[in-house]
Amino acid sequence: MKRRALIIFASLLTAHVGLLILFAAFRVLGRDEGFYLNVTRLIGQGMSPYTDFFFTQLSLMPTVFAPLALDGWNSFWILRGCAVAAGVFSAVVLFMIVLKTTKNTNSALLALGMYVFSGLILSWHSVYKPLAFSHLFALATFYFWLMTYRKQRLLYVIMTGLALSALVNLRAVFIVLVPLYVISLWLTVDRSRRGRMMGAMVLSVIPFAIPTAVKIITAADRFFFNTFIFQLHRADEHSWGYIFTNKALTVLKTVIDPHLLIIAVLTVLSVLIMRKNGRLHGIRDLVTTPEGMALMNLVLIAGIYFMPNPILRQYVEQFIAFGIIVAAFGFSSMRERLRAEATPFQRRAVLGIIAGLYFLSLIPYGGVYLIGMRPDDKMYTLREVRRITSQMASLGEQSDTVLAEYAGYPFLTRQVPLPYTELVGFEYPLPLDHDGYMKYKLADYVYLRDQISKKIPRLVVTINRVPPAYADVLNEGYMFAYESGGVTIHTRR
């Protein structure tokens, strides 16, 4: 790169690091973030997912980071820092992909700028959840496939397989990409080396797959329920009307965000340009060209995340990078068309409006995730969580068992979560009776009432209100100790 381009690249990357650190330092705790923190700590203490506690995902992320999760608030900052690091590496990999595919530094810098100032990226690459890590490995898989496509080296095939295996073992839904990459490698590698290359691809999957396979085999029925059946019952309603409404509203909430709408429009325009220019001529091109493979990654990841009930807008983060990459393929043509049909003033006006809308889109993300503007987020601000966990620590020892309706509290205080409440599952409409809840190591109100009546937990921490199912036994055996922002702490008499 030329000196000017290098300065812009360094400036954008520095801005990304700064913004991610800002979000990590002040962002409200995610509801699921507490769950992942707690699970990582439990693995660090020698427990096993599916067998010893309920877990809804594949176990690569908490297993890798388990040694870092044993020190409460210190571990919290370290683990958020790991997510930030994944976000920074993702930005670098995206830039390298666009630069290598377009051979255009300006297109690569523009793609990086769109990525750096995406509120969606900043909001979800600053919390300890699988999102940032799976995002990174999805990009890494494509990058190493691209290097294999260009250089036909065995090392790049191995790296493609390792990255793809890590991706699937982070989030099982990405298994939809496995056939895509297998077919593409089969069609694009030299015939004389095809057997060797495909063999290396298969072998490279093993290091991450075997530990997961062992966990699955030892608890097959629990694993199936945890990762599949549970996901189908997260919503309160399952009618076709509800499913359609949920998906339609999520799409609407996505497109009314100016920066996501801009990315979507540019992506569609780029696909139309590539079709017109013959760069996506037929179906075979979808698996044998960089343009086609980027588009297929986008379509497959978006498609698989559109299937759960309910779907969430945060899922867009998992494929937004491929939207930017596909859009970047058309940047040069869009720029030429704009120069040909608009005056310099009109070009500046159009680009200024687009850039202004894109940057203004950051404001709502700051309000929601840094300030906690939504009523339900107030109790998850860092200040409020520190207040609650400080009280919990003063009312009990680290060796005490606590029942907390937010799984992150016992992680931060280093206290012991009441068994079966590692994920607080009684709020989900699961098709289980009491014995079923016990089998899958989930708490229902029958279990909680029993544990409270026996005074097993030292502390009971409830959110918004004490559940009527055990309010009477709580009042008999526990006394009110503290309340703040809708969170109430009771301590054993």
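Over 21 Å between Cα atoms: which of LYS2/LYS100; LYS2/LYS276; LYS378/LYS441; LYS215/LYS441 fall into that group?
Pairs exceeding the cut-off: LYS2/LYS276; LYS378/LYS441.
Rounded to the nearest 10 degrees, the angle from helix 194-218 to the longest Cα principal axis of the chain is 10 degrees. Taking every DSSP beta bridge that has both ends in the range 378-492, the antiparallel portion is near 70%.
What is the calculated FRET efficiency for VAL265 to PHE480, with r their C-beta to C-beta distance and R₀ = 41 Å, to the nearest 0.05? After rounding, the FRET efficiency stands at 0.15. Ranked from largest, the principal axis spans of the Cα set of the chain equal 78, 56, 47 Å.
Were the residues from ASN106 through ALA172 laid out at 0.36 nm apart, the gain over their Cα-Cα distance would be 20.2 nm. For the chain, the Cβ-based charge dipole about the Cα centre amounts to some 2220 debye (Lys, Arg positive; Asp, Glu negative; other atoms uncharged). If the segment from ALA85 to THR245 were pulled out straight at 0.36 nm per residue, it would be longer than the present Cα-Cα gap by 54.0 nm. Per-peptide packing, taken as the mean over residues of other Cβ atoms within 10 Å, places 374-385, 47-58, 316-327 in the sequence 316-327, 47-58, 374-385 from highest down. Going by neighbour counts of Cβ atoms within 10 Å, the residues VAL98, VAL178 line up, fewest first, as VAL178, VAL98. A cut-off of 5 Å between modelled amide H atoms, ignoring neighbours fewer than 5 places along the same chain, links ALA404 with LEU418, VAL461.
For the range 378-492, the dipole from Cβ point charges (+1 on Lys and Arg, -1 on Asp and Glu) about the Cα centre works out to 400 debye, to the nearest 20.
Amide H contacts of TYR482: ILE489, each under 5 Å away and 5 or more positions distant or on a separate chain (H built 1.01 Å from N in the peptide plane; Pro and chain starts excluded). For the pair the range 149-224 / the range 75-113, the C-alpha centres are spaced 23 Å from each other. Extending 7 Å from Cα along the Cβ direction at HIS434 and again at ASN277 yields two label points whose distance is 6.7 nm.
How many percent of DSSP beta bridges within the chain run antiparallel, rounded to 5?
Approximately 65 percent, going by the DSSP bridge assignments.
Backbone geometry of the range 98-108 corresponds, through the Karplus equation with coefficients 6.51, -1.76 and 1.60 at θ = phi - 60°, to 3J(HN,Hα) couplings of 5, 5, 6, 7, 9, 6, 10, 5, 4, 5, 5 Hz, x marking Gly and Pro. With R₀ set to 56 Å, the beta-carbon distance separating LEU6 from LEU252 gives a calculated FRET efficiency near 0.85. Helix 3-26 and the long axis of the chain differ in direction by around 10°, with both axes built from C-alpha atoms. Can you tell me the orientation of helix 290-305 relative to the chain, as the angle in degrees between its alpha-carbon axis and the longest Cα principal axis, to the nearest 10? The answer is roughly 20 degrees. Figure legend: label point modelled 7 angstrom from the Cα of SER394 along Cα→Cβ; residues of the range 366-384 with amide N under 20 Å from it are 379-384.
Laboratory data are not the source of any read-out in this text; all were calculated from the coordinates shown. Keep in mind the model is a prediction, meaning the values are calculated, not measured. Cβ atoms come from the backbone with ideal geometry, glycine included; neighbour counts cover every protein chain shown.
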